[in-house]
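Here the structure is laid out as structure tokens; the discussion comes afterwards.
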Amino acid sequence: MLADAERKVLRIVANYSAGRKRMPSLIELGRKTGKSQKKLLETLSELAKEGYISWTPADPERITLLQAWEREDRENWWQMYGSR
């Protein structure tokens with residue numbers, strides 16, 4: 001299960017990209033979440049680690065959405081698709 005902060009950022013990224021046909025910038029994400037850039041980068045790293053987005057701190061403006069909704073059964077998902 002995602003933490004509230006991660007779930008919020010995931011929903012913002014999914015809704016923003018669906019409505020505007022592009023990903024939000026870090027500045028836009030910060031404005032919408034009220035998070036500091038440091039906390040936002042930590043949250044994006046966690047979403048990438050969990051397999052919801054493709055993202056790297058080396059190119060922080062490039063976010064690729066892999067899954068827009070939180071997985072119900074995370075453990076089963078990792079057994080089937082992940083490599084933890």
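The values are calculated or read from the model by the stated rules, or taken from the named source; none is laboratory data. Source: prediction; values computed, not measured. As a convention, Cβ positions derive from the backbone with ideal geometry for all residues, glycine included, and neighbour counts pool all protein chains shown. Side chains are part of the model used for accessible areas, which takes the heavy atoms of the whole protein and leaves out ligands, DNA and RNA. Shrake-Rupley method; radii C 1.70, N 1.55, O 1.52, S 1.80 Å.
Odds and ends about this structure:
- Only residues that are among the hydrophobic types (A, V, I, L, M, F, W, C) and either over 11 Å from ALA14 (Cα atoms) or open to solvent by 60 Å² or more (accessible area, probe 1.4 Å) (or both) were counted across the range 56-74, and they come to 3.
- Restricting attention to the range 12-55, the residues being among the β-branched types (Val, Ile, Thr) and either within 13 Å of LEU66 (Cα to Cα) or surrounded by fewer than 15 Cβ atoms within 10 Å (Cβ to Cβ) (or both) number 3.
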